[in-house]
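Structure, as structure tokens:
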Ligand SMILES: Nc1ncnc2c1ncn2[C@@H]1O[C@H](COP(=O)(O)OP(=O)(O)O)[C@@H](O)[C@H]1O
Ligand SMILES: [Mg+2]
């Protein structure tokens, strides 16, 4: 499964148009696809004929309520194309989750439970870099940045690429960046000059596919349809098929869904995986790390953790019966609580032990 966010802090550059029609193009290729509407304006939902008033479960519920999972929020648009709709209340989520641990990883943790037969998840994001966009980026292995050169200079992209680099450093999570030119006038000298300039400044990440200007895109979304449900627009359908094929032919980016468990442990503390309970500590410079706690009678030796050389994470998996366990890590001889786990209790020395409830 590949998860691709469509982002750009500018409104009106074509994020929603690209998100809807790219998701629909993957469907045309026979690939089961989910479109996630992460913009409180709900344009992607409306653009596929889903009105926020008529849906019971939206992105807001999925991000807010631990009891709501992806299958509860999915809505079928047509065979192989699903949407999780947005609603205006989603704009309140940033404030409601403020100060909550792991709030940037909420979408990622929900997507870890997505049915396995989905090939693509496309995320339409709002025109700002806030909590919602961070959730989109944390969950994505790839981003597509649509740029409308008739409205904004291509240089405007620099800020966005800085944000992405910062996020990559903070999370040690690599995101593949693609820049997509949108709203290009066909065959004018001006549009050729724009493509040339984009190649000069963003050559390494510029997509070969281009989306041209056409009123039919606006028409389609105002009818609540993808371009593939319109008549006599083969040329524009072909633009999105070409884009979908270009992505499908590319190498999937490095965030494999398999590493979601690692991310979740880094965000929320130990987590159940198939083999047991996974513990992770991010300590790239440590020489040795042990896990100790009630399950080893607080032995000084504890359980030796293994370093994953690729990520610098120390890991171990334990089999634990249901119950409550206090634990700590021993990093080069120093006892510490688990920095990723917000649950802790004070021990007899007045220090904090991390608390795990299995
Ligand atoms: N290639 C295009 N040709 C013509 N109109 C376009 C094209 N791409 C986007 N638009 C129109 O421009 C407006 C803004 O696009 P939209 O996809 O909503 O941008 P964003 O989601 O980035 O705010 C919409 O009215 C949309 O129909
Ligand atoms: Mg939009």
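Residues of region 189-233 with the amide nitrogen closer than 17 Å to a label point 7 Å from the Cα of residue 29, along Cα-to-Cβ, please.
Under cut-off, by backbone N: 207-211, 227-228.
With labels modelled as points extended 7 Å from the Cα through the Cβ direction, what inter-label distance (nm, one decimal) is found for residue 189 paired with residue 301?
Between residue 189 and residue 301, the simple spin-label model gives 8.1 nm.
Calculate log10 I(q)/I(0) of region 9-157 for q = 0.18 Å⁻¹, where I(q) comes from the Debye formula with a single equal point scatterer on each Cα and nothing for solvent.
Taken in order of the listed q values, log10 I(q)/I(0) reads -1.07.
Can you tell which of 44, 73, 25 shows the greatest fluctuation in a Gaussian network model of the chain with Cα springs below 10 Å?
Comparing 44, 73, 25 in the GNM, the peak value goes to 73.
Suppose we keep just the DSSP beta bridges with both residues in the chain; what percent of those would be antiparallel, to 5?
55 percent
Report the calculated FRET efficiency for residue 65 and residue 150 (r = Cβ-Cβ distance, R0 = 30 Å), to the nearest 0.05.
0.10
Is the shape of region 269-357 best called rounded, prolate or oblate, per the rule: a/c under 1.5 gives rounded, else a/b larger than b/c gives prolate, else oblate, with a ≥ b ≥ c the square roots of the Cα gyration tensor eigenvalues?
oblate
Tell me, what does the Kirkwood hydrodynamic radius of the chain come to in angstroms if you use every pair of distinct C-alpha atoms?
22.0 Å
Starting from the 7 Å offset along Cα-to-Cβ, what nm value, one decimal, do you get for the label separation of residue 212 and residue 321?
7.1 nm
Okay, helix-only estimate at 222 nm for the chain: each DSSP H run of n ≥ 4 adds -39500 (n - 2.57), divide by all residues, round to 500 deg cm²/dmol; what do you get?
Counting only the DSSP helices, I get -8500 deg cm²/dmol.
Rank the residues 138, 1 as a footprinting-exposure proxy: fewest other Cβ atoms within 10 Å of their Cβ go first.
Least crowded to most crowded, the residues run 1, 138.
Quote to one decimal, in nm, the extra length available between residue 349 and residue 229 on full extension: 0.36 nm per residue of separation minus the C-alpha distance between them.
Additional length available on full extension: 36.4 nm.
Where does each of 277-288, 28-39 land if you order them by average Cβ count within 10 Å, highest first?
Packing order, densest peptide first, comes out as 28-39, 277-288.
No lab work stands behind these numbers, since they all come straight from the coordinates. Just so you know, these numbers come straight off a predicted model, no measurement behind them. All Cβ positions, glycine included, derive from the backbone under ideal geometry; neighbour counts span all protein chains shown.
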